[in-house]
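*Asks:* Below is the structure I would like to discuss, written out as structure tokens.
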Amino acid sequence: MEEIKVNGYLVLTDRRYTESDEWVKLEGELAKVGITDYAQKKLKDIVSVELPETGSEVKAGESIAVVESIKSVADIYTPLDGVVELINEKLLDQPELINDDPYGEGWIFALRPADKSKYDELLTPQQYAERIRKAEGG
Amino acid sequence: MRRIPLREVHKELGAEFGEFEGWETPMIYESTVKEHLAVRSNAGVFDVSHMGRILLRGSHVYDFLEYMVPKSLSKVSVGSMSGPTALLNENAGFRDDVMLYNLGENEWMLVCNAANIEKVLGWLKSWRSKLGYDVEIEDATAKLVMLALQGPRSSEYVEKLGADDSVLGLKMLRFQRDVRLGDTKAFLVSRSGWTGEDGFEIIAEPRNAAVVLRRLVEMGVKPAGLAARDTLRLEVGFVLYGHDIDEETNPLEARYWVYTPGKTNYVGYEALREIIRKGVERVRVAVKMKKGERGIPRENYRILVEGEEIGRITSGNYSPVLRRGIGMGYVESKHALIGLEVQIDIRGRVQRAKILDFPLLKK
């Protein structure tokens, strides 16, 4: 899989990103969402996760999950309008999966987007990598 | 922001720095959980140079300190520490909680919280003039480094540093001055700490402390940050000034036994006696989330019984050993019942927890 490494943080090229450090990956009719390698490395030890309810209708930008680490509590925003179809219940007992594998086993929820074309408006991997570079001061 | 002397060494060791009470200090290296577990099973080393270290010398130093703290110092021999004790205000609220070291020959050291260094210096100096005592007060915080080596295997590592039996044989709350550690040396090594584990605190000049720190890490001691220090002290129920105690909190409601019953002549005595006579309206207790509840209690979260607030969390986090959210807080005395099920309002989600006694982690 293609990847970009920026200041030690991994950005995968098979998905899109948000300003608030979520990733979104299209898998069939669903959009899977998680937090980026950059976000998990900033949060460090993730010890608790709150998940949305399946079937709930959500609006882009809404906080629908919480990822909590020893040092802070982070809201997770849905990047697209849609209906939550799947949640990663494994995270309830193993929240550390987000640290171990943020782009894979550490996914948080999947939703059925109301309008798939909105995906193309999200940040490209290159744009997101550029954001990290800027945030880290070059 | 104030900087600790060994900042560059910690940077090399991979520290992520954060701000604590005006100090830029290592918060975390790779993982707080790993650092925490290393201290519980092996050993970790913290740089606690932000702690205030105040040297007191002079012919009246003993009388002066006896008047400043509620704990009796009469049995504190040279080479012993007393504490934790406290500096109380006239209402018996905490000005600070402190450790005292009898260095000998009219010389003592007081270790106080980073947040209170200036306040404590001012308080000591104003009482010195009021009492007219001959005591020299020197703030030695900036010139010395303080490392805390903590964990069940600490003494093995101290031995490997080259300490002799005078250090290895130290009992809890005893110390040695002018200690040789191989080809380097320390101003003072004490058997003490703040994690609930065996351990040693090493106070040394920066260049010597740098040698000690590097050697400990080479030997396999995990460098640990302030975040791990916080989760460790929570498991054993130690209070943190500014969160769990402050000027408005008294030793009784904090259940913080910083005074010697029967001692009568010290700042705050009259108020404390009155509080002891009347009792208190709120009590500090430990809380532990019930099994299956994954929320983490944090400062200022509400503690509820049947939907009614009975108190607030003053500090809390995740316990890496219990694998559960834990914390402490004050509840109304009438609900300060060990074993009582309560609810914690975790950002609008009410989760079940239990009121327990300290320490949550029994060793």
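*Asks:* Please work out if B:R284 is more than 14 Å from chain A (Cβ to nearest Cβ), surrounded by 21 or more Cβ atoms within 10 Å (Cβ to Cβ) and within 25 Å of the chain's Cα centre (by Cα).
*Replies:* Values: more than 14 Å from chain A (Cβ to nearest Cβ): yes; surrounded by 21 or more Cβ atoms within 10 Å (Cβ to Cβ): yes; within 25 Å of the chain's Cα centre (by Cα): yes.
Judged against the criteria, B:R284 is a match.
*Asks:* While we're looking at this one, here's another question. Taking helices (runs of 4 or more DSSP H) that fall entirely within region B:106-221, which contain at least 3 residues that are charged (D, E, K, R) and touching a strand residue (DSSP E or B) at 6+ places or on another chain (Cβ under 9 Å)?
*Replies:* In region B:106-221, B:117-131 are the helices (runs of 4 or more DSSP H) which contain 3 or more residues that are charged (D, E, K, R) and touching a strand residue (DSSP E or B) at 6+ places or on another chain (Cβ under 9 Å).
*Asks:* Another one. Any idea which of B:G339, B:G311, B:G329 is surrounded by fewer than 17 Cβ atoms within 10 Å (Cβ to Cβ) and either over 27 Å from the mean Cα position of the chain (by Cα) or away from chain A (no Cβ under 13 Å) (or both)? Spell out how you get there, then give the answer.
*Replies:* Working: B:G311 fails: surrounded by fewer than 17 Cβ atoms within 10 Å (Cβ to Cβ); B:G329 fails: surrounded by fewer than 17 Cβ atoms within 10 Å (Cβ to Cβ).
The unique qualifying residue is B:G339.
For (1) in contact (Cβ under 8 Å) with a residue 24 or more places away in the chain; (2) part of a strand (DSSP E or B); (3) touching a Cys at 6+ places or on another chain (Cβ under 9 Å); (4) not small (G, A, S), each residue gets a yes or a no:
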position: A:E19; (1), (2), (3), (4): yes, no, no, yes
position: A:A39; (1), (2), (3), (4): yes, no, no, no
position: A:T54; (1), (2), (3), (4): yes, no, no, yes
position: A:L92; (1), (2), (3), (4): yes, no, no, yes
position: A:I98; (1), (2), (3), (4): yes, no, no, yes
position: A:G104; (1), (2), (3), (4): no, no, no, no
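*Asks:* Right, another one. Mind listing just one residue for me: the one in region B:1-35 that is acidic (D, E) and surrounded by fewer than 19 Cβ atoms within 10 Å (Cβ to Cβ) and, of those, farthest from the other protein chains (Cβ to nearest Cβ)?
*Replies:* Restricting to residues being acidic (D, E) and surrounded by fewer than 19 Cβ atoms within 10 Å (Cβ to Cβ), the top hit is B:E8.
*Asks:* Quick one: would you say B:V76 is surrounded by 18 or more Cβ atoms within 10 Å (Cβ to Cβ) and more than 18 Å from the chain's Cα centre (by Cα)?
*Replies:* Yes; evaluated as a whole, the condition is true for this residue.
*Asks:* Can you run down the residue pairs with Cβ atoms below 8 Å, 6 or more apart or on separate chains, where the first is in region B:41-65 and at negative phi and the partner is of a type in the set (D, E) and surrounded by 22 or more Cβ atoms within 10 Å (Cβ to Cβ)?
*Replies:* Note: pairs meeting the criteria are B:G44/B:E35; B:V48/B:E201.
*Asks:* Also, quick follow-up: List pairs: first residue in region B:177-196 and closer than 19 Å to B:R53 by Cβ and without any contact (Cβ under 8 Å) to a residue 24 or more places away in the chain, second residue in a loop (DSSP other than H, G, I, E, B) and among the charged types (D, E, K, R) anywhere in the structure, Cβ distance under 7 angstrom, at least six positions apart or on different chains.
*Replies:* B:R191/B:K171
*Asks:* Between a first residue in region B:107-123 that is in contact (Cβ under 8 Å) with a residue 40 or more places away in the chain and a second residue that is assigned to a helix (DSSP H, G or I), which pairs have beta carbons less than 7 Å apart while being 6 or more apart in sequence or on different chains?
*Replies:* If the second residue must be assigned to a helix (DSSP H, G or I), the pairs left are B:E107/B:V61; B:W108/B:V61; B:W108/B:L65; B:C112/B:V120.
*Asks:* Next question, about the same structure. Suppose we filter region A:49-105 for residues that are within 11 Å of chain B (Cβ to nearest Cβ) and in contact with a Phe, Trp or Tyr (Cβ under 7 Å, 6 or more places away or on another chain); how many remain?
*Replies:* 3
*Asks:* Looking at (1) in contact with a Lys or Arg (Cβ under 8 Å, 6 or more places away or on another chain); (2) surrounded by fewer than 20 Cβ atoms within 10 Å (Cβ to Cβ); (3) free of Cβ contacts under 8 Å to residues at least 40 places away in the same chain; (4) under 19 Å from B:G151 (Cβ atoms), which is the one condition that is false for B:E218?
*Replies:* In the conditions (1) in contact with a Lys or Arg (Cβ under 8 Å, 6 or more places away or on another chain); (2) surrounded by fewer than 20 Cβ atoms within 10 Å (Cβ to Cβ); (3) free of Cβ contacts under 8 Å to residues at least 40 places away in the same chain; (4) under 19 Å from B:G151 (Cβ atoms), B:E218 misses (1) alone.
*Asks:* Select, from B:D230, B:D246, the only residue that is within 30 Å of A:E89 (Cα to Cα), modelled with pLDDT of 95 or more and among the acidic types (D, E). Steps first, answer last, please.
*Replies:* Working: B:D246 fails: within 30 Å of A:E89 (Cα to Cα).
Only one candidate passes the filter, namely B:D230.
*Asks:* Now for a separate question. Checking B:E299 against (1) within 14 Å of another protein chain (Cβ to nearest Cβ); (2) farther than 26 Å from A:E89 by Cα; (3) crowded, with 22+ Cβ neighbours inside 10 Å: exactly one of these is not met. Which one?
*Replies:* (3)
*Asks:* To continue, here is another question. Can you name the residue in region A:15-62 that is over 11 Å from the mean Cα position of the chain (by Cα) and within 18 Å of A:E130 (Cβ to Cβ) and is also surrounded by the fewest Cβ atoms within 10 Å (Cβ to Cβ) among such residues? First the steps, then the outcome.
*Replies:* Filtering region A:15-62 for residues over 11 Å from the mean Cα position of the chain (by Cα) gives A:26-30, A:41-62.
Next, only the ones that are within 18 Å of A:E130 (Cβ to Cβ) stay: A:41-42.
Working: A:K41: 15, A:K42: 17.
Restricting to residues being over 11 Å from the mean Cα position of the chain (by Cα) and within 18 Å of A:E130 (Cβ to Cβ), the top hit is A:K41.
*Asks:* While we're here: For A:K118, are the conditions met, namely being touching a residue at least 24 places away in the same chain (Cβ under 8 Å) and either crowded, with 22+ Cβ neighbours inside 10 Å or of a type outside the set (V, I, T) (or both)?
*Replies:* When the stated conditions are applied, A:K118 passes them.
The values are calculated or read from the model by the stated rules, or taken from the named source; none is laboratory data. Nothing here was measured: the structure is a model prediction, and the numbers come from that model. So basically every Cβ, Gly included, is an ideal-geometry build from the backbone, and we count neighbours across all protein chains shown.
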